[in-house]
Amino acid sequence: AFVVRYMTKRYIGDYDRNKEMLYNHKIPSPRDDVTLEIIDTAANDSTEHKENHIKWGDGFVFIYSITDKSSYEYACTLKDMLVKQRGQEIPAVVIANKCDLLSVRKVSDSEGTTLAEQLNCPKFDVSVADGYSGVSEAMDELVIQLKREFVKHCSQAAVVANDKTKSKLFTFKKGFKKRISRSHSDTV
Ligand SMILES: Nc1nc2c(ncn2[C@@H]2O[C@H](COP(=O)(O)OP(=O)(O)OP(=O)(O)O)[C@@H](O)[C@H]2O)c(=O)[nH]1
């Protein structure tokens, strides 16, 4: 429901929880359009499948329902897997969903905050059923983190490429010096 709300602004409340879905979502931008590939994971994924998703993803949305403790515990299990495989510095957001149902809350606000702290990421209280704004705000934040990570990655790659060029030049210089000194001693 969260992904479809984000992509279409509409609320559709009935999905097969055991079906994995892959969506493409284009975000128009004045400079370059960005296309997000979003996997809505299935509830019955095997451990291997989950690990593959963790390897594949550039960013992660951890959604739980505030009315369902087991959904929170499941999000915590996935958080442990993510941190173990990829560390804590991965773009992520935590979504405490179903905030229209506060009267039947089963997961406290501080539990949600703890999860977000462990992922070093922000938490958003939303109701997918009630509206689009909370959903888009959370996804905008994730996209900002993804872009930041992308820029960091590009500049690191540029530094590595620059270092490689420098070390090639250094080898060349050394070789050149040797050759010069050898030819110098030949003539003396
Ligand atoms: N009241 C309320 N119901 C919601 C909200 N978001 C989703 N639901 C309902 O919660 C159920 C599960 O939503 P899904 O989007 O299918 O969530 P899921 O995690 O893929 O599926 P489950 O594992 O079945 O919870 C559906 O019946 C939705 O209509 C919300 O913000 N408020």
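The values are calculated or read from the model by the stated rules, or taken from the named source; none is laboratory data. These figures come from a predicted structure and were not determined experimentally. Here Cβ is always computed from backbone atoms with ideal geometry, including for glycine, and neighbour counts include all displayed protein chains.
Yes or no: the stretch 145-163 includes at least one residue that is modelled with pLDDT of 95 or more and in contact with a strand residue (DSSP E or B) (Cβ under 7 Å, 6 or more places away or on another chain). No; the residues of the stretch 145-163 include none that is modelled with pLDDT of 95 or more and in contact with a strand residue (DSSP E or B) (Cβ under 7 Å, 6 or more places away or on another chain). Among the residues that make up the stretch 43-62, is at least one of them within 13 Å of the ligand (Cβ to nearest atom), of a type in the set (Lys, Arg) and surrounded by 13 or more Cβ atoms within 10 Å (Cβ to Cβ)? No, the conditions are met nowhere in the stretch 43-62. Scanning the stretch 126-142 for residues that are in contact (Cβ under 8 Å) with a residue 40 or more places away in the chain, of a type outside the set (S, T, N, Q) and more than 9 Å from the ligand (Cβ to nearest atom) yields Tyr132, Val135, Ala138, Met139, Glu141, Leu142. Only a single criterion out of (1) over 23 Å from Lys147 (Cβ atoms); (2) surrounded by 16 or more Cβ atoms within 10 Å (Cβ to Cβ) is not satisfied by Val104, namely (2). For the criterion of being closer than 19 Å to Thr41 by Cα, free of Cβ contacts under 8 Å to residues at least 40 places away in the same chain and within 16 Å of the ligand (Cβ to nearest atom), Ala75 fails. When the stretch 1-35 is filtered for residues that are within 12 Å of the ligand (Cβ to nearest atom) and either surrounded by 14 or more Cβ atoms within 10 Å (Cβ to Cβ) or within 16 Å of the chain's Cα centre (by Cα) (or both), the ones remaining, listed by number, are Ala1, Phe2, Val3, Val4, Arg5, Tyr6, Tyr11, Glu20. For the stretch 22-66, a residue qualifies if it is of a type in the set (D, E, K, R) and touching a Lys or Arg at 6+ places or on another chain (Cβ under 6 Å), and exactly one does: Asp33.
Of the residues that make up the stretch 144-158, is at least one within 13 Å of the ligand (Cβ to nearest atom) and either surrounded by 14 or more Cβ atoms within 10 Å (Cβ to Cβ) or in a helix (DSSP H, G or I) (or both)? So far as the stretch 144-158 goes, no, none of its residues is within 13 Å of the ligand (Cβ to nearest atom) and either surrounded by 14 or more Cβ atoms within 10 Å (Cβ to Cβ) or in a helix (DSSP H, G or I) (or both). If you check Leu22, Leu36 for being closer than 29 Å to Thr113 by Cβ and touching a residue at least 12 places away in the same chain (Cβ under 8 Å), only one passes: Leu36.
Take the conditions of a type outside the set (Ser, Thr, Tyr), within 10 Å of the ligand (Cβ to nearest atom), modelled with pLDDT of 95 or more and touching a strand residue (DSSP E or B) at 6+ places or on another chain (Cβ under 6 Å) and apply them to Ile38. Does it pass? Spelling it out, it is not the case that Ile38 is of a type outside the set (Ser, Thr, Tyr), within 10 Å of the ligand (Cβ to nearest atom), modelled with pLDDT of 95 or more and touching a strand residue (DSSP E or B) at 6+ places or on another chain (Cβ under 6 Å).
Filtering the stretch 100-125 to residues that are within 14 Å of the ligand (Cβ to nearest atom) and touching a Ser or Thr at 6+ places or on another chain (Cβ under 8 Å) leaves Asp100, Leu101, Val104, Arg105, Lys106, Val107.
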